[in-house]
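A short write-up of the structure that comes next.
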Amino acid sequence: MKNSSKYLPWIIVFMVFIATALSFLDRQVLSVSIIKIKEDFPISDTDYGFINTGFLISYAIMFTLGGILIDRFGSRKGLGFSVGIWSLATALHSIATNVFHFGIFRFFLGLGEGGAFPGAIKAVVEWVPKKKQALANGIAIGGAALGAVVAPPLCVYLMASIGWRGVFLVTGVFGLIWAVVWFLIPKKKEEYVAVLKEKEVKSWSHTFKAVGKILQIKEVWIFILIRFILDPIFYYYMFWIPKYLSDSRGVDLEKIGELFWIPFLALGVSNMLGGYFSDKIYRKTGSLDWARKGIMGVAAILTLSALFVKYVPTEELVILIMVIAFFAHGLWITNYITTISDTFGKTITSTVIGLSGTAGALSSVIVNPLMGKIIENYSYDPMWIYSGLMYPIAFILFLIMMPKIRQLKYLPSI
């Protein structure tokens, strides 16, 4: 029993890893399947941009609302219901017959997925000791890369055997099975957390007042700004690279399935390495600034590689540059999220992650349709310039606005 308690936190981290894997698997299915779907329905680049916007709008809303709910009720209920909702939405894609249907089902997918990362980080903060949290965060969010790695080859394989509708149905069932297993895991520490929360039940008016107070904290707005600047880049990578390879490079679907998983593998590896090296630097130096900002600085330099995509002659070299860019993003996002938990602790971490994630999704809501217009009427070139320059700019802003990482005191409770 003692050994079981000892390993339970890492069982939770593993389950969260699978949850974030399912999250990226489910959102990536459309970006690969769209090539076949367009053979059945007339979907323009602008239509595709607006379909993705359906996801981003609800994702933006639920990133913050999901973070608030998870800070209030804990990661067990929050993450379990999130996975259940988005898995059902994924399965519903299998009955879509037009652009409107896809937009609606993407909207419901976003409603569920908005709770994925606030729930993942909340679980880590609830269960894992501080000196191992960067690694645990890297593993937890590294699942997203696994989902994205699996998505292209899995989708291509399933489409060949059961069609694109079957792909959505099968991947939706995966998530519903996960939700059942999650609720069967012994509660242990979370039972205690839940009892505490029941003893100090707060009204919703208290919660909304607390959110108002949170928004008065300068550091919250720093994290919000960084996500607002950078999130459209990663959404661009997720939603548009398969189309870029197909439209601009003439790469067929099978070859995309063979290549597109590789950058996401690099992302997953760097999520974990970013956490591992950050924790190691922290243990050696005792400095959160060296541990978190040092890794983020290296990441910012590596993202400049995206500027060279338009100049390389082959699709393999495009993928190589994407490997570097995704590796950089993994280093960056692990330390960015860990810095939020360093700053806000157990009290409001999920809420701040939610607020910043909402900012990133709202930014993407604005930018994603514009991407469709720019790509349709001009080319992909402006997207590569934006992708290559913004991480270094965001890092410089972060250094200026947040010269020292420290745990804030006297934070409001949700």
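Step by step: first the residues of the stretch 333-347, then only those that are among the β-branched types (V, I, T) and within 11 Å of L408 (Cα to Cα), then the one that is modelled with the lowest pLDDT. Which residue is that? Don't jump to the end; show me each part of the working.
Quick first cut of the stretch 333-347, residues among the β-branched types (V, I, T) only: 333-334, 337-340, 343, 347.
Checking the rest, the ones that are also within 11 Å of L408 (Cα to Cα) come to 340, 343, 347.
Working: I340: 93, T343: 92, T347: 77.
Among those that are among the β-branched types (V, I, T) and within 11 Å of L408 (Cα to Cα), it is T347.
Please go through the stretch 98-117 and give me each residue that is assigned to a loop (DSSP other than H, G, I, E, B) and surrounded by fewer than 21 Cβ atoms within 10 Å (Cβ to Cβ), ordered by number.
Of everything in the stretch 98-117, just one residue is assigned to a loop (DSSP other than H, G, I, E, B) and surrounded by fewer than 21 Cβ atoms within 10 Å (Cβ to Cβ), namely N98.
Pick out, from the stretch 219-323, the helices (runs of 4 or more DSSP H) lying fully within it that include 3 or more residues that are over 18 Å from T339 (Cβ atoms).
253-259, 261-285
Looking only at the stretch 280-303, count how many residues are more than 21 Å from the chain's Cα centre (by Cα) and either at pLDDT below 85 or of a type outside the set (S, T, Y) (or both).
Pass one, the stretch 280-303, residues more than 21 Å from the chain's Cα centre (by Cα): 280-291, 294, 301.
Among the residues that remain, those that are also either at pLDDT below 85 or of a type outside the set (S, T, Y) (or both) are: 280-281, 283-284, 286, 288-291, 294, 301.
Result for the stretch 280-303: 11.
Which residue out of P403, P313 is surrounded by fewer than 19 Cβ atoms within 10 Å (Cβ to Cβ), closer than 26 Å to V298 by Cα and modelled with pLDDT of 90 or more? Give the derivation first.
Details: P313 fails: closer than 26 Å to V298 by Cα.
Testing whether each residue is surrounded by fewer than 19 Cβ atoms within 10 Å (Cβ to Cβ), closer than 26 Å to V298 by Cα and modelled with pLDDT of 90 or more leaves just P403.
Could you say whether any residue in the stretch 371-379 is surrounded by fewer than 18 Cβ atoms within 10 Å (Cβ to Cβ) and under 28 Å from R76 (Cα atoms)?
Checked against the condition, which is being surrounded by fewer than 18 Cβ atoms within 10 Å (Cβ to Cβ) and under 28 Å from R76 (Cα atoms), the stretch 371-379 yields no hits at all.
Please indicate, with yes or no, whether at least one residue in the stretch 381-402 is aromatic (F, W, Y) and touching a Gly at 6+ places or on another chain (Cβ under 9 Å). Give the steps one after another, and end with the answer.
Taking the stretch 381-402 first, the residues aromatic (F, W, Y) are 384, 386, 391, 395, 398.
Those left that are additionally touching a Gly at 6+ places or on another chain (Cβ under 9 Å): 395.
Yes: one or more hits.
Read through the list (1) over 22 Å from V181 (Cβ atoms); (2) in contact (Cβ under 8 Å) with a residue 60 or more places away in the chain, then give the number of the only condition that V99 fails.
(2)
Name the pairs whose Cβ atoms lie under 7 Å apart, with the first residue in the stretch 337-353 and closer than 12 Å to G119 by Cα and of a type outside the set (A, V, I, L, M), the second modelled with pLDDT of 90 or more and assigned to a helix (DSSP H, G or I), and 6 or more positions between them or separate chains?
T349/I340
Consider F260 carefully, then state whether it is modelled with pLDDT under 90 and not acidic (D, E).
It is true that F260 is modelled with pLDDT under 90 and not acidic (D, E).
List pairs: first residue in the stretch 65-84 and over 19 Å from A359 (Cβ atoms) and in contact (Cβ under 8 Å) with a residue 60 or more places away in the chain, second residue not small (G, A, S) and not in a helix (DSSP H, G or I) anywhere in the structure, Cβ distance under 9 angstrom, at least six positions apart or on different chains.
That search, which allows pairs on different chains as well, returns R72/K202; R72/I414; R76/I185; R76/K187.
State the number of residues belonging to the stretch 219-263 that are within 22 Å of K310 (Cβ to Cβ) and of a type in the set (F, W, Y).
8
What residue, among those in the stretch 94-120 that are under 21 Å from E39 (Cβ atoms) and at pLDDT 90 or above, is farthest from the chain's Cα centre (by Cα)?
F105
Any residue in the stretch 242-258 that is closer than 16 Å to M383 by Cα sitting within a Cβ distance under 8 Å of a residue that is assigned to a loop (DSSP other than H, G, I, E, B) and among the β-branched types (V, I, T)? List the pairs, counting only those 6 or more apart or interchain.
So the pair list comes out as L245/V251.
Within the stretch 259-311, work out how many residues are over 21 Å from S246 (Cα atoms), of a type in the set (D, E, K, R) and in contact (Cβ under 8 Å) with a residue 60 or more places away in the chain.
Within the stretch 259-311, residues that are over 21 Å from S246 (Cα atoms), of a type in the set (D, E, K, R) and in contact (Cβ under 8 Å) with a residue 60 or more places away in the chain number 5.
Pick out the one residue from K202, K213 that is under 17 Å from G67 (Cα atoms), in a helix (DSSP H, G or I) and modelled with pLDDT under 90.
The match here is K213.
Out of I366, I333, I need the residue that is buried (at least 24 other Cβ atoms within 10 Å of the Cβ) and either within 26 Å of K243 (Cα to Cα) or more than 13 Å from the chain's Cα centre (by Cα) (or both). Which one? If you could, list the steps in order and put the result at the bottom.
Working: I366 fails: buried (at least 24 other Cβ atoms within 10 Å of the Cβ).
Exactly one of I366, I333 is buried (at least 24 other Cβ atoms within 10 Å of the Cβ) and either within 26 Å of K243 (Cα to Cα) or more than 13 Å from the chain's Cα centre (by Cα) (or both), namely I333.
The values are calculated or read from the model by the stated rules, or taken from the named source; none is laboratory data. Since we're looking at a predicted model, the values are computed, not measured. Cβ atoms come from the backbone with ideal geometry, glycine included; neighbour counts cover every protein chain shown.
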